[in-house]
Amino acid sequence: MRAIISVSDKRGVAEFARSLCDLGVEVYSTGGTKAALVAASVPVHSVSALTSFPEILGGRVKTLHPAVHGGILARRDVPDDLAQLSEHAIGLIDLVVVNLYPFAQTIARPDVTLAEAVEQIDIGGPTMVRAAAKNHAHVLVVVDPADYARVATALRDNGLTAELRRELAAKAFAHTASYDSAIAAYLTTETFPAALPQAWERVQTLRYGENPHQPAAFYRSTSAAPNTLAHATQLQGKELSYNNLLDADAALQIVQNFAELTVTILKHSNPCGLASHAKLVTAHEQARAGDPVSAFGGIVGVNRPVDGALAEVLKKYFYEVIIAPDFTDTALMILAEKTNLRLLKVPTDQSIRPGWDYRSVSGGLLVQQTDQVSHDDTAWRVVTKAMPTDEQMAALRWAWRACAFVKSNAIVLAQGQQLVGMGAGQPSRVDSVQIAARKAGERAQGCVLASDAFFPKADGVQAAIDAGAVAIVQPGGSQGDAEVIAAADAAGVAMVFTGNRHFRH
């Protein structure tokens, strides 16, 4: 039995190769892998011994040779294949252990050049992997170091089943498909290419999806930025559920949009509480006050490290997940008392902004550029006779950012930098205003209101005025703008048009 081993990821390769040699397998290798095996005192031959040809072009051509691919692709149950190998003095190759050049890791470097990226496009490796996977009925292909132990055991115990061969082949094709997708995505310059190159790797299987009868898993894009949920580190707590992940992502996106110290509490992807304050404990207190009933069992998002003082407060309540850029040692010690509470650590800065949103529909995928909520209000227009005070304008800016993360039709009522009422997901914008006002109660008096889209008629604005709103920010642009502005003027309420909307379906 003969094997070719040529890997970029060298974890465990020396031990695996040694176990193969102990089973009588002849090992052939190339370049850096061969050097690593020699350094580990593993008996290894050069692939050049198979091809009778040296590596050329700086290593670009090593294994692209009939002596390699004939030995891999020959069908053992086809006499003509074996006869041709014999005619050309080509030996069989029974095991291919290959993983590919680190293209994704290379392009992740911010200073990488196109020339450097191109040099990490593997040619011989994918060719060997695909050849072995195609002929998996006769040739074993291994691309993942995690499979070394069970393959060695199967070889030792004569346990090479057809099912194992097929499983490893499927994994091999997924490996090359992911690799090619990363290359295509990197080289593509079209905004919406005819074929969308994407590669996803499974992070974990989940207990179930939105409901117990739905199987589910979590996949990470191979190009996911480090400040996304895909790269969160779970520090403690129960396994994350499908719904936990959806809400945690919504919480992360919200707090990433605020430079001020901000705390949010999420339920069903909507912020039932949100506040910005110079003190963490106060920000949480004000966020929870937004809707303390709905906060039960919520997801907490914080855009500063959780310290001991905040941890002492958080442990008093039932929350499912806390997501933050970090947790102090004291905070971790305090929160460890709540063993089921999930703690997620992920950067909340916006140094790297996710570029695209993906949403599945029946049989397809919707793709759009991520909605970025601009902090630039130079295009805002006051359209009423009443002008917002400086204090009201600051509250309107804050509420406008908050509103962009509430499900449409979205209404936010705010006092300063605190959400006091929220209406979400209603077919009627009037209903959303009324829900927000009911949640706010007396706190609606003197509040500001933000609406994610325009008011088509004056009824929604009138409901806000009746609730106690003194200033309103909305996109404008409705055919009913004149009626809406007139209603605000009649009540002496200030209104600002932003010129853009933030639907979130």
Only one of Leu235, Leu246, Leu240 is surrounded by 15 or more Cβ atoms within 10 Å (Cβ to Cβ), assigned to a helix (DSSP H, G or I) and not assigned by TED's automatic domain parsing to the domain that holds Asp144, namely Leu246
How many residues of region 96-133 are of a type outside the set (Ser, Thr, Tyr), at pLDDT 90 or above and closer than 19 Å to Ala67 by Cα? The answer is 10
Checking Pro305, Pro292 in turn, the sole residue that is out of contact with any Cys (no Cβ under 6 Å at 6 or more places or on another chain), over 21 Å from Leu413 (Cα atoms) and surrounded by fewer than 24 Cβ atoms within 10 Å (Cβ to Cβ) turns out to be Pro305
Residue pairs within 6 Å by beta carbon, gap of at least six or interchain, first lying in region 445-459 and more than 15 Å from Ala494 (Cβ to Cβ), second among the aliphatic types (A, V, I, L, M) and crowded, with 24+ Cβ neighbours inside 10 Å, listed first then second, are Asp452/Ala410; Ala458/Val484
When restricted to Val141, Val129, the only residue farther than 20 Å from Trp200 by Cβ, assigned by TED's automatic domain parsing to the domain that holds Arg60, under 31 Å from the mean Cα position of the chain (by Cα) and surrounded by 18 or more Cβ atoms within 10 Å (Cβ to Cβ) is Val141
Surrounded by 22 or more Cβ atoms within 10 Å (Cβ to Cβ), in contact with a Leu (Cβ under 8 Å, 6 or more places away or on another chain) and closer than 20 Å to Gly446 by Cβ, is that true of Ala395? no
ask   = Quick one: would you say Tyr148 is outside any strand (DSSP E or B), of a type in the set (Phe, Trp, Tyr) and either surrounded by fewer than 14 Cβ atoms within 10 Å (Cβ to Cβ) or in contact with a Gly (Cβ under 6 Å, 6 or more places away or on another chain) (or both)?
value = yes
If we keep only residues of region 92-118 that are among the β-branched types (Val, Ile, Thr) and either touching a strand residue (DSSP E or B) at 6+ places or on another chain (Cβ under 6 Å) or exposed (fewer than 12 other Cβ atoms within 10 Å of the Cβ) (or both), then the residue nearest to Arg60 (Cα to Cα) is Val98
_So for region 478-491 (the condition being acidic (Asp, Glu) and without any contact (Cβ under 8 Å) to a residue 60 or more places away in the chain), does at least one residue qualify?_
yes
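The values are calculated or read from the model by the stated rules, or taken from the named source; none is laboratory data. Everything numeric here is computed off the predicted structure, so don't read it as measured data. Virtual Cβ from ideal backbone geometry, glycine too; neighbours counted across all protein chains shown.
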